[in-house]
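Here the structure is laid out as structure tokens; the discussion comes afterwards.
The values are calculated or read from the model by the stated rules, or taken from the named source; none is laboratory data. Computed from a predicted structure; not experimentally measured. Backbone-built Cβ (ideal geometry, glycine too); neighbour counts: all protein chains shown.
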């Protein structure tokens, strides 16, 4: 079992599927969610190390979600992947979401994969520096519920 | 004796003897004879001799018939029973009967004959032998009748003469014609009474000699009278003369004299006969007539002068210089002695003389005033001295005339100045109209065009005096919705916008002002202001707003494009990698096939293949590759759809109006704006499949729809309810004239307080930076001004809002005079059902 978990949030299922394909050989579990509501559910059910979120989603927007994560799971590395970058969005992502990286669609998959790896390393460094168990506690097995609405990650 | 029957016819009854009714052709004889044999004999004989003969047998009968009837002759027997012939004769003459009578007697007494002749018988015949008397009788009768006729003629002539004399006297008396005579030989005058009266003297004072008389003749006429007398005494011809005499009482009379020279047998003048008549009254009347004619001529000249001066007033655009010159030329002709009359006119710096002008002794001048200020003078003079006996060269009428002329000239100058000013103003106005590309016309209440400015005239021809609906449209009645009719009806200014189809659809704003002219009649002035510049700015504003709207949509559009782009690329890369892995597997399989042909496949090769298959995740690839291809194609389709919709959505701004399929426009608008509503609302399309196209600008109409759709989505978002999607319903309908597009949302609704400001520019309820407030204002402009449609809404706070756009199906551009009845200022009808809530913009 990989040590890390990455959550990908986008309202376009085709995009989630392509991300799953692209990142299938990466050394982490990849969870996907279609909108902010599902993402929150994943957070509540699983420890997450990195979250990659789109901006335009029904209900909770990407920046809203990241702000929520920054508030509730400040150690989780946050990455933005947006189809329409605006200054306002970038400012909000930095100030409220305190994101690790800001991607615009379409982005280079290798670059995205490398950035996720760096985020995980950063996450590990922070975890070691604090030398304390995360507030999240031990990972739990995913409940049966959310597999219904997210794609399963695929271990190496 | 038995009486004999009366021969011949009974004469007709004559009521009055004195008035014979029958003109006789034969002399009528009454024969009185007691001897009937003789009587019949006489009767037969005389009748044969063409006399008409009546018989009487005694004196009484004869007298009675003579009293009743006319006879020309009485043949009277002397011896008659009873009253005898002499007695009859006596009685007849005694009663004044003058009938000629021939006495017939058998006795032949001379005494009796003398007695008969004394008593007035005309002849006397003795009846001896029968043949003798008969022969004699005819001759005697004829002679007596002839004598009697002669006597009668003489009596009538004497009477006529007396009557003539009497009439002459009366005539002379009545006409006051005097008769005089001058004996040339004796130099002696004799006058009748009338002549004396005429001269104012008594018969005793009649001058004896001609020279004495001549002293009473007016001294100016004396030589004329003397000369005439001498000349006619020499020529012996009649003469006729009028001259003045002075009566002793000093009165002057005119007399007319006709004279005739009477000569002796040797031709020497003996007498001068003359008649004279007082013709003073006639002469005075004649003189008065001449004077009146003269005065009439003077007045006529004055009238002509005034008329000519008045005509100067009517010449448009006459300068003061020209006025002065013409007046100086006209005025002298009106004066009594116009051949020597001169005139000088001075107004301001301008002065002019009549052609023959020279400074004169006799002058008459009046000042010329303009607005009560003396600016010059008009002066008339005579270039020659005043004729002797003329009381003064200028009559009162001429003074009045000059005063009139001076006044009229003053008015002409006033008018000329006013005209010059009006001309300047008009030129200035027309320049301004031309410079600002403004057209103007004035139309009276009967729709006749009274004025067209030159700019209009150049573009459309001068239609002054025509009716505009006839001139432009060949219609008999004004066009529907004509601003002119409305302005005349309501007496209020009407403003509308239209396009001038004859000037390449130049956009204009027509303002129709009603006003009353000086006589109180209603007119309208139509001012047609070019709004090309404003329209251009409006277009730019629309375009600018379009960019804003596109900017709003850009987020969604970018997302809609970039997301597929992301996964299309990723999928293709995946396919590439997967194919590389599969390639290695296939290469190994190929080697194995060759090895198998060469003998046996080494077992380690099979193990290698198994390892490769696992490494290349062949099962996974077989599962994922079709999905990746399918999803990539989906993504490509999504991008293509958006790009197509974008292209439809953003038509160029300045294109021509074209038929627009509103259903399609709504669909593409929904596509490009999808990102704004897809997370918020379910969109329901209720589109009329048989919707006719409208003539319009697709780009602008899309802009209207995107505003309505985005607003609808925002109104739903404003509910703040994330749990339940709202609904946007888009309906299209066609009612035969217009196409209706309704965009209904289940949003918060528009509060009543702001409902009348919804279409105001820059009005917004959004935060600063979220919206410029131009959206609905521009949508309104596009629908009403750009397309001649209407846009309105009704809203129930808390339940939703419906915006309704109606567009004419055949949006034909009208003419200036009868535009499509587009809304006037702020004239969009608002149907607002609103309470509490938030405005959607």
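Consider residue B:66 carefully, then state whether it is buried (at least 17 other Cβ atoms within 10 Å of the Cβ), in contact with a strand residue (DSSP E or B) (Cβ under 9 Å, 6 or more places away or on another chain) and outside any strand (DSSP E or B). Yes, satisfied.
Can residue B:704 be described as away from every other protein chain (no Cβ under 11 Å), within 60 Å of the chain's Cα centre (by Cα), in contact (Cβ under 8 Å) with a residue 40 or more places away in the chain and within 28 Å of residue B:545 (Cα to Cα)? Working first, answer last.
On the way: away from every other protein chain (no Cβ under 11 Å): yes; within 60 Å of the chain's Cα centre (by Cα): yes; in contact (Cβ under 8 Å) with a residue 40 or more places away in the chain: yes; within 28 Å of residue B:545 (Cα to Cα): yes.
Judged against the criteria, residue B:704 is a match.
A residue that is touching a helix residue (DSSP H, G or I) at 6+ places or on another chain (Cβ under 6 Å), assigned to a strand (DSSP E or B) and without any contact (Cβ under 8 Å) to a residue 40 or more places away in the chain cannot be found anywhere in the range B:172-180. Total residues in the range B:526-538 satisfying the condition of being buried (at least 17 other Cβ atoms within 10 Å of the Cβ) and at pLDDT below 80: the figure is 2.
Flag set for residue B:176, criterion: more than 60 Å from the chain's Cα centre (by Cα) and at positive phi. Residue count for the range B:233-289, restricted to those that are surrounded by 13 or more Cβ atoms within 10 Å (Cβ to Cβ) and touching a residue at least 12 places away in the same chain (Cβ under 8 Å): 34. When the range B:431-448 is filtered for residues that are closer than 13 Å to residue B:527 by Cα and free of Cβ contacts under 8 Å to residues at least 24 places away in the same chain, the ones remaining, listed by number, are B:432, B:433, B:434.
Are any of the residues in the range B:678-691 under 30 Å from residue B:506 (Cβ atoms), in a strand (DSSP E or B) and touching a strand residue (DSSP E or B) at 6+ places or on another chain (Cβ under 6 Å)? Full working, then the answer.
Here is the first cut: in the range B:678-691, the ones under 30 Å from residue B:506 (Cβ atoms) are none.
No, there is no match, as no residue in the range B:678-691 is under 30 Å from residue B:506 (Cβ atoms), in a strand (DSSP E or B) and touching a strand residue (DSSP E or B) at 6+ places or on another chain (Cβ under 6 Å).
When restricted to residues that are touching a helix residue (DSSP H, G or I) at 6+ places or on another chain (Cβ under 7 Å) and farther than 30 Å from residue B:446 by Cβ, the range B:508-546 contains 5.
Taking the criterion of being more than 7 Å from chain A (Cβ to nearest Cβ) and surrounded by 21 or more Cβ atoms within 10 Å (Cβ to Cβ), the only residue of the range B:565-576 that qualifies is B:568.
Taking helices (runs of 4 or more DSSP H) as the structural unit, those lying wholly within the range B:385-503 and holding at least 2 residues that are at pLDDT 80 or above and either over 29 Å from the mean Cα position of the chain (by Cα) or within 30 Å of residue B:375 (Cα to Cα) (or both) correspond to B:396-435.
Within the range B:637-660, is there a residue that is outside any helix (DSSP H, G or I), on the phi < 0 side of the Ramachandran plot, more than 60 Å from the chain's Cα centre (by Cα) and within 14 Å of chain A (Cβ to nearest Cβ)? Checking the range B:637-660: not a single residue is outside any helix (DSSP H, G or I), on the phi < 0 side of the Ramachandran plot, more than 60 Å from the chain's Cα centre (by Cα) and within 14 Å of chain A (Cβ to nearest Cβ). Of the residues that make up the range B:588-609, is at least one surrounded by 13 or more Cβ atoms within 10 Å (Cβ to Cβ), in a helix (DSSP H, G or I) and within 14 Å of another protein chain (Cβ to nearest Cβ)? No, the conditions are met nowhere in the range B:588-609.
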